[in-house]
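Laboratory data are not the source of any read-out in this text; all were calculated from the coordinates shown. Since the structure is predicted, the reported quantities are computational estimates derived from the model, not experimental observations. For neighbour counting, all protein chains shown are included, and Cβ atoms are generated from backbone atoms with ideal geometry for every residue, glycine included.
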Amino acid sequence: MFFSRPFPSYSAIAKGVLVTLLAGIVVACSSGGGLYGPVQGDNRPHSGVDRARGMPIQGIDVARYQENIDFRAAFQSGIHFVFMKATEGKDYIDPNFRTNWVRARQAGMPRGAYHFMTWCSLASEQAAWFVANVPNDADALPPVLDLEWNHLSSCKNKPSRADALEKIRVMLDAMERHTGKLPIIYTDMTFHRDILEGEYFPNSFWLRSTAAEPHERYANRTWTFWQWTQTGVVRGVRGEVDRNAYFGDQNDWLAFLQTGCDPRAIAALAPTGRCLAAK
C-alpha cells in the first residue's frame with residue numbers, strides 16, 4: 001500500500017529511543033541486567049519453542065491482568081521491550097494503560113501500544129478511539145493492531161474475508177497516520193488462516209505460536225516478533241505474562257529502534273517514505 005504524501009522522518013523517534021536505550025544500558029550494566037542480563041522463566045515450558053528462550057532480544061506484552069508492574073526490574077533482568085494494551089473496539093481503554101505508558105518510559109524500556117480490533121463497530125470509529133487515547137510519542141515503538149477472533153466477547157459478528165480485510169486496512173492506515181510509524185500486525189494461527197493468509201502487507205508481523213516455531217504454523221509469513229508463551233515468569237511482573245522474542249540480534253534490534261521497521265524490509269519500504277533512520 002503506497003501513500004500520496006511522505007511520512008515524518010524517524011530522526012526524532014530514533015533520538016528519543018536511543019537516548020532511552022543508552023540510559024537503560026548504563027543502569028543495566030551497573031546492576032548485572034539489561035541488554036545482557038538473565039532472562040526469566042516459563043511455568044509450563046514447551047519443547048517446541050526451545051529456540052525462543054535463547055534468542056537475544058526478549059520482551060513482554062501486558063494488559064490489565066498484570067497489575068503494578070515494576071518495569072525497571074523487568075528491564076534490568078533482560079527484558080528489552082514491552083507492548084501494552086491501550087484500546088479495544090470503539091469505546092474501551094485498558095485501565096492500566098496510561099500508568100503503564102508512563103512507567104515504562106521512566107524505566108527506560110522501549111514500549112508500544114496495541115489496539116484490539118473488534119468486528120461489531122466501524123473501523124473508522126475504532127481508529128478515532130485509538131487516536132484519542134494513545135499519545136503520538138516520538139520515542140514509542142510502532143503501534144500494534146491485534147487481529148484475532150474473540151470468542152469471549154458479546155460481539156459474535158464474524159465478517160467475510162473481504163470485509164475484514166477492508167476494515168483492517170482502514171485501521172492500519174489511521175494508526176500509521178497518527179503515529180508516523182508503520183503499524184505491526186499481531187495475529188494467531190486461526191485468524192491468519194481465515195483472513196490473512198496469502199495477503200500482502202508491508203507491515204511487520206508479530207505471530208503467536210506457543211507449541212512450535214512460527215514457520216511451522218504460518219504459511220509463507222515472515223515474522224519480526226514471536227509470542228512464544230503465555231505462561232512466562234518475569235522479574236517485576238506478578239503472576240504469569242506473555243513473553244516474546246525479536247527475530248534478530250543486537251544490531252538488528254538497534255536498526256528496528258532507529259527506523260520502526262524490520263531491517264530486512266527497509267530497502268523495499270524506504271522508497272514509500274517509511275523506515276527513515278536518523279541522519
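Since only Gly180, Trp226, Leu269 are under comparison, the one whose Cα sits farthest along the positive direction of the charge dipole of the chain, derived from C-beta charges on Lys, Arg, Asp and Glu, is Gly180. Summarising the amide proton neighbourhood of Phe225: residues at separation of 5 or more, or on other chains, whose placed amide H is nearer than 5 Å comprise Phe205, Trp206, Leu207. Taking the number of Cβ atoms within 10 Å of each Cβ as an exposure proxy, the fewest-first ranking of Met171, Met117 is Met171, Met117. Computed over the chain, relative contact order equals 26 percent, with contacts defined as Cα pairs under 8 Å that lie 6+ residues apart. Counting Lys and Arg as +1 and Asp and Glu as -1, what is the net charge of the other residues whose Cβ lies under 12 Å from the Cβ of Ala132? Neighbour charge sum, excluding Ala132 itself: -1. Rounded to the nearest Hz, the phi-derived 3J(HN,Hα) couplings of the stretch 43-54 under the Karplus curve 6.51 cos²θ - 1.76 cosθ + 1.60 (θ = phi - 60°) are 5, 9, x, 10, 5, x, 10, 4, 5, 4, 5, x, where x marks glycine and proline.
The string of couplings for the stretch 56-67 from the Karplus curve (6.51, -1.76, 1.60, θ = phi - 60°) is x, 10, 10, x, 9, 10, 9, 8, 5, 5, 9, 9 Hz, one whole number per residue in order, with x for Gly and Pro. Between the C-alpha center of the stretch 247-279 and that of the stretch 126-203 there is a gap of 21 Å. Put in line by how crowded their Cβ is, counting other Cβ atoms within 10 Å and starting with the fewest, Trp119, Trp228 read Trp119, Trp228.
Take the alpha-carbon positions of the chain, form their convex hull, and give its projected area averaged over all directions (one quarter of the hull surface) in nm².
Seen from a random direction, the Cα hull of the chain projects 13.6 nm² on average.
Shown for Ile184, Ile168: other C-beta atoms within 10 Å of each C-beta, ranked fewest to most, produce the order Ile168, Ile184. Straight Cα distances below 15 angstrom link Lys90 to the aspartates and glutamates Glu125, Asp146, with same-chain residues fewer than 8 positions distant left out.
Taking Cβ atoms as reference points and 10 Å as the exclusive limit, the residues near Arg243 contribute a net charge of -3, counting Lys and Arg as +1 and Asp and Glu as -1.
Taking amide H as placed 1.01 Å from N in the peptide plane, Phe83 has its amide H under 5 Å from the amide H of Ile60, Asp61, Val62, Gly112, each at least 5 places away in sequence or on another chain. Around Arg53, with a cut-off of 11 angstrom between Cβ atoms, what is the net charge of the other residues, counting Lys and Arg +1 and Asp and Glu -1? Net charge in that neighbourhood comes out at 0.
Computed from backbone phi, the HN-Hα couplings of the stretch 107-114 come to 7, x, 8, x, 9, x, 9, 10 Hz, rounded to whole numbers (Karplus: 6.51 cos²θ - 1.76 cosθ + 1.60, θ = phi - 60°; Gly and Pro given as x).
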